[in-house]
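**Student:** Please find one structure pasted underneath; my questions will follow.
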Amino acid sequence: MNNLTPVVDRSQRVVQARKLTGTILDQVGNTPLLDLSHFAHALGVAPGVAIYAKAEWLNPSGSVKAHAALRIVEEAERTGELAPGKILIDSSSGNTGIAFALIGAVKGFAVQLVMPGNVSPERKALVRAYGATLITSDPLEGSDGAIRRVRAMVAAEPERYFYANQYNNPANWLAHYESTGPEIWQQTDGAVTHFVVGLGTTGTFIGTGRYLKEQNPAIQLVSLQPADEMSVIEGLKYLETAITPGIYDPTLHDQDLRVEAEAAWQITRLLAQKAGLFVGVSAGAAVAGAIELAKTLQQGLVVTLLPDDGSKYVSLGIFD
């Protein structure tokens, strides 16, 4: 053998092949962990407490929902539930629907999404841009109305659809058990003391929380909800009056904090103006909750998530 010929083992060839043949879906996960401690200290958090946040808008489709959507689709393909000719259908307030639309474009299957009629125009435009069919439900019924509309459609023509059912599909929380949880553990070198995240489908909280508790039972899991049913924070559910997701485990949290909508909007604006982070309202709520918790501590490493960026909320006037 010519001594000048480089030797490449099989694993290296596989890596090289993936780089050459991969799709945008290979970029889901491994988002950076941003240090928000300086921002938090300026708002009264003790110097001994650090706050970090996962920049989930860097996922394909622009949100944390890429994890769950991809895991749901791949599991359905594996079991044959999502077969050629079937339409993926689900309800969504925006981000999961956008992720399904992107995945459908890449994998070549049709997607139909039911969204409340009052979701932002940007979200509707993104779904349509990826080629999905958008069906709007009564805006006064919120995400629960969209859920009921999808269930009726699937019941009428069950053979036509694969119902992704993100609120009840275990692949939702498993996605975060297999990705988000391990990423946070590795990125903090196991030093995380508190994990704070909002409740929507609850998959991020359940999957990430279960993984972190397995690594260190002393880690405190803190869930966030709107202060009441009148406090509208896009992406978050007030579970006391909403349809409770089947994947939700109410015994998992160590604390359940409530966030006022105005506090979420204020922190969202401050993150843009003081930290250069143009994020969505649920991200503002997450940081608001993390700061509220952190103010009760003298030491600790608090981790939260920034589910998406602010581009889908500009028309709502939050940044005016």
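The values are calculated or read from the model by the stated rules, or taken from the named source; none is laboratory data. Predicted model, so just to flag it, every value in this text is computed and none were measured. Note that each Cβ is placed from the backbone with ideal geometry, even for glycine, and that neighbours are counted across all protein chains shown.
**Student:** Give the residues of the stretch 92-114 that are surrounded by fewer than 24 Cβ atoms within 10 Å (Cβ to Cβ) and not in a loop (DSSP other than H, G, I, E, B), sorted by residue number.
**Tutor:** Answer for the stretch 92-114, where residues must be surrounded by fewer than 24 Cβ atoms within 10 Å (Cβ to Cβ) and not in a loop (DSSP other than H, G, I, E, B): G104, A105, V106, K107, Q112.
**Student:** Evaluate the stretch 301-312: report whether one residue or more is at pLDDT 95 or above, in a helix (DSSP H, G or I), under 21 Å from Q166 (Cβ atoms) and within 20 Å of the chain's Cα centre (by Cα).
**Tutor:** For the stretch 301-312, residues at pLDDT 95 or above, in a helix (DSSP H, G or I), under 21 Å from Q166 (Cβ atoms) and within 20 Å of the chain's Cα centre (by Cα): absent.
**Student:** On to the next question. For the stretch 20-37, how many residues are over 22 Å from G104 (Cα atoms) and free of Cβ contacts under 8 Å to residues at least 24 places away in the same chain?
**Tutor:** Going through the stretch 20-37 one residue at a time, the tally reaches 2.
**Student:** For G142, indicate whether it is assigned to a helix (DSSP H, G or I), out of contact with any Asp or Glu (no Cβ under 7 Å at 6 or more places or on another chain), at pLDDT below 95 and not assigned by TED's automatic domain parsing to the domain that holds Y238. Break it down stepwise before answering.
**Tutor:** Details: assigned to a helix (DSSP H, G or I): yes; out of contact with any Asp or Glu (no Cβ under 7 Å at 6 or more places or on another chain): yes; at pLDDT below 95: yes; not assigned by TED's automatic domain parsing to the domain that holds Y238: yes.
Yes: the conditions hold for G142.
**Student:** Please go through (1) surrounded by 21 or more Cβ atoms within 10 Å (Cβ to Cβ); (2) part of a loop (DSSP other than H, G, I, E, B); (3) not hydrophobic (A, V, I, L, M, F, W, C) for G190 and return the number of the only condition it doesn't satisfy.
**Tutor:** It fails just one condition, (1).
**Student:** Name the single residue, out of those in the stretch 61-101 being closer than 21 Å to A146 by Cβ and of a type in the set (S, T, Y), that is farthest from the chain's Cα centre (by Cα).
**Tutor:** Per the criteria, the residue is S91.
**Student:** Kindly indicate the residue of the stretch 115-124 that is in contact with a helix residue (DSSP H, G or I) (Cβ under 9 Å, 6 or more places away or on another chain) and not hydroxyl-bearing (S, T, Y) and also surrounded by the fewest Cβ atoms within 10 Å (Cβ to Cβ) among those meeting that condition.
**Tutor:** Of all residues in the stretch 115-124, those in contact with a helix residue (DSSP H, G or I) (Cβ under 9 Å, 6 or more places away or on another chain) come to 115-123.
Subset that is not hydroxyl-bearing (S, T, Y): 115-119, 121-123.
Details: M115: 25, P116: 21, G117: 14, N118: 14, V119: 23, P121: 11, E122: 17, R123: 24.
The qualifying residue surrounded by the fewest Cβ atoms within 10 Å (Cβ to Cβ) is P121.
**Student:** Okay, next question. Conditions: (1) more than 19 Å from A175 (Cβ to Cβ); (2) at pLDDT 95 or above. A242 meets all but one. Number of the miss?
**Tutor:** Unmet for A242, out of (1) more than 19 Å from A175 (Cβ to Cβ); (2) at pLDDT 95 or above: (2).
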